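Colleague: Here it is, the structure, as structure tokens.
The values are calculated or read from the model by the stated rules, or taken from the named source; none is laboratory data. This is a predicted model, so every value here is computed, not measured. Positions of Cβ are generated from backbone atoms using ideal geometry, with glycine treated the same way; all protein chains shown enter the neighbour counts.
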Amino acid sequence: MNSSMGKTARLLGAGLRALIVLTVVTGVGYPLVITGIAQGLFDDKANGSKITAGGKVVGSALIGQQGYSLDYFQPRPANGLSTNTVNTQYKLLVSGATNLAADNPKLVASVEQAKAKVVRDNSTPDYQVRPAQVPAEAVTSSGSGLDPDISPAYAEIQVHRVAERNHLPVAQVQKLVAEHTSGRTLGFIGEPRVNVLRLNIAVRELAEGR
């Protein structure tokens, strides 16, 4: 009996020691090491790719924002966003896609309305946007509804409006677009893109500096 109890006690002791060691190694040591490496080598990405302006954080380079006035470049639509219906204590947005088929009447109607709005909003006395110029991402939301980028083509048809509303030369705004256009990742992955938040910060700084 005593021998059996002794073996049980030794097994429990060994299990407890293993639990303590593994907890320290995997629950404390490993996270601290990985966090330290991330902060030391990838500080920007580890902290959410934050964008600062005027000494304060104004957003993330990875998450698109809505609600810009027409003085600034407009992002992709966010039709996939919806409100949280589970926990209504907080006003939260849920990202996602509309999941509507390409021939769905609701989607077709929203695309046509969005295209007409893009043409109307971006046409100026000196520049008329044609419906054929409007790229697909200008009238459809991304899978998440949070795409932070637009194509150079969509940025280009917004240049004249932004220049006019901010009393800036068109050439200067076009230069900003070119400076904030990123090429394909590794030269072949994805498409050229323009980060809307970074571009709008540059527009504001240029307008305020005149």
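Colleague: Which number in (1) of a type in the set (A, V, I, L, M, F, W, C); (2) within 25 Å of Glu191 (Cα to Cα); (3) touching a Pro at 6+ places or on another chain (Cβ under 9 Å) marks the one condition that Ala163 misses?
Modeller: (2)
Colleague: Another question about this same structure. Can you confirm whether the range 149-171 contains a residue that is touching a residue at least 12 places away in the same chain (Cβ under 8 Å) and farther than 21 Å from Ser69 by Cα?
Modeller: There is no residue in the range 149-171 that is touching a residue at least 12 places away in the same chain (Cβ under 8 Å) and farther than 21 Å from Ser69 by Cα.
Colleague: Got at least one residue in the range 111-118 being outside any helix (DSSP H, G or I) and small (Gly, Ala, Ser)? First the steps, then the outcome.
Modeller: Residues of the range 111-118 outside any helix (DSSP H, G or I): none.
Within the range 111-118 (the criterion being outside any helix (DSSP H, G or I) and small (Gly, Ala, Ser)), the answer is no, since none of the residues qualifies.
Colleague: A further question follows. Select from the range 138-170 the residues that are more than 18 Å from Arg204 (Cβ to Cβ) and not in a loop (DSSP other than H, G, I, E, B) and list them in ascending order. So that I can check it myself, show each step before the final result.
Modeller: The first filter runs over the range 138-170 and keeps only residues more than 18 Å from Arg204 (Cβ to Cβ), leaving 138-147, 149, 151-154, 156-157.
Those that are more than 18 Å from Arg204 (Cβ to Cβ) and not in a loop (DSSP other than H, G, I, E, B): Ala138, Asp149, Pro152, Ala153, Tyr154, Glu156, Ile157.
Colleague: Just checking, which of Gly54, Gly48, Gly64 is at pLDDT below 90, surrounded by 11 or more Cβ atoms within 10 Å (Cβ to Cβ) and on the phi > 0 side of the Ramachandran plot?
Modeller: Numbers: Gly54 fails: surrounded by 11 or more Cβ atoms within 10 Å (Cβ to Cβ); Gly64 fails: on the phi > 0 side of the Ramachandran plot.
Exactly one residue qualifies, and that residue is Gly48.
Colleague: When residues of the range 176-190 are filtered for being exposed (fewer than 15 other Cβ atoms within 10 Å of the Cβ) and out of contact with any Pro (no Cβ under 9 Å at 6 or more places or on another chain), how many remain? Let's see the steps before the verdict.
Modeller: Just the residues of the range 176-190 that are exposed (fewer than 15 other Cβ atoms within 10 Å of the Cβ), to begin with: 178-179, 182-190.
Within this subset, residues satisfying the condition of being out of contact with any Pro (no Cβ under 9 Å at 6 or more places or on another chain) are 179, 185-190.
Matching residues across the range 176-190 total 7.
Colleague: Return the residues of the range 93-109 that are at pLDDT 90 or above and among the small types (Gly, Ala, Ser); say none if nothing qualifies.
Modeller: Within the range 93-109, just Ala109 meets the criteria.
Colleague: Val139 - would you say it is touching a residue at least 60 places away in the same chain (Cβ under 8 Å) and either among the polar types (S, T, N, Q) or assigned by TED's automatic domain parsing to the domain that holds Ala163 (or both)? Show your work before the answer.
Modeller: Values: touching a residue at least 60 places away in the same chain (Cβ under 8 Å): yes; either among the polar types (S, T, N, Q) or assigned by TED's automatic domain parsing to the domain that holds Ala163 (or both): yes.
Against the criterion (touching a residue at least 60 places away in the same chain (Cβ under 8 Å) and either among the polar types (S, T, N, Q) or assigned by TED's automatic domain parsing to the domain that holds Ala163 (or both)), Val139 qualifies.
Colleague: Considering each residue of the range 124-137, count those that are part of a loop (DSSP other than H, G, I, E, B) and of a type in the set (D, E, K, R), and give that number. Working first, answer last.
Modeller: Initially, the range 124-137 is screened for residues part of a loop (DSSP other than H, G, I, E, B), giving 125-126, 128-130, 134-135.
Still in the running and of a type in the set (D, E, K, R): 126, 130.
Here the count works out to 2.
Colleague: Taking the stated definitions as given, is Ala202 among the small types (Gly, Ala, Ser), over 20 Å from the mean Cα position of the chain (by Cα) and outside any loop (DSSP other than H, G, I, E, B)? If you could, list the steps in order and put the result at the bottom.
Modeller: Values: among the small types (Gly, Ala, Ser): yes; over 20 Å from the mean Cα position of the chain (by Cα): no; outside any loop (DSSP other than H, G, I, E, B): yes.
So Ala202 does not fit the description; no.
Colleague: Checking Leu100 against (1) surrounded by 14 or more Cβ atoms within 10 Å (Cβ to Cβ); (2) out of contact with any Leu (no Cβ under 9 Å at 6 or more places or on another chain), which single condition isn't satisfied?
Modeller: (2)
Colleague: In the range 33-79, how many are within 14 Å of the chain's Cα centre (by Cα) and touching a residue at least 40 places away in the same chain (Cβ under 8 Å)?
Modeller: Total meeting the criteria: 14.
Colleague: Which of the numbered conditions does Val139 fail, given that it passes all the others? Conditions: (1) surrounded by 15 or more Cβ atoms within 10 Å (Cβ to Cβ); (2) within 21 Å of Asp126 (Cα to Cα); (3) in contact with a helix residue (DSSP H, G or I) (Cβ under 8 Å, 6 or more places away or on another chain).
Modeller: For Val139, the exception is condition (2).
Colleague: State which residue is farthest from Leu168 (Cα to Cα) when the search covers only the range 99-144 and only residues that are of a type in the set (Val, Ile, Thr) and within 23 Å of the chain's Cα centre (by Cα).
Modeller: If we take residues in the range 99-144 being of a type in the set (Val, Ile, Thr) and within 23 Å of the chain's Cα centre (by Cα), then Val111 is farthest from Leu168 (Cα to Cα).
Colleague: Consider the range 18-57. How many of its residues are touching a helix residue (DSSP H, G or I) at 6+ places or on another chain (Cβ under 7 Å) and over 16 Å from Leu197 (Cβ atoms)? Write out each step before concluding.
Modeller: Taking the range 18-57 as the starting set, the residues that turn out to be touching a helix residue (DSSP H, G or I) at 6+ places or on another chain (Cβ under 7 Å) are 38-39, 46, 51, 53.
Applying the additional criterion that residues be over 16 Å from Leu197 (Cβ atoms) yields 38-39, 46.
Number satisfying all stated conditions: 3.
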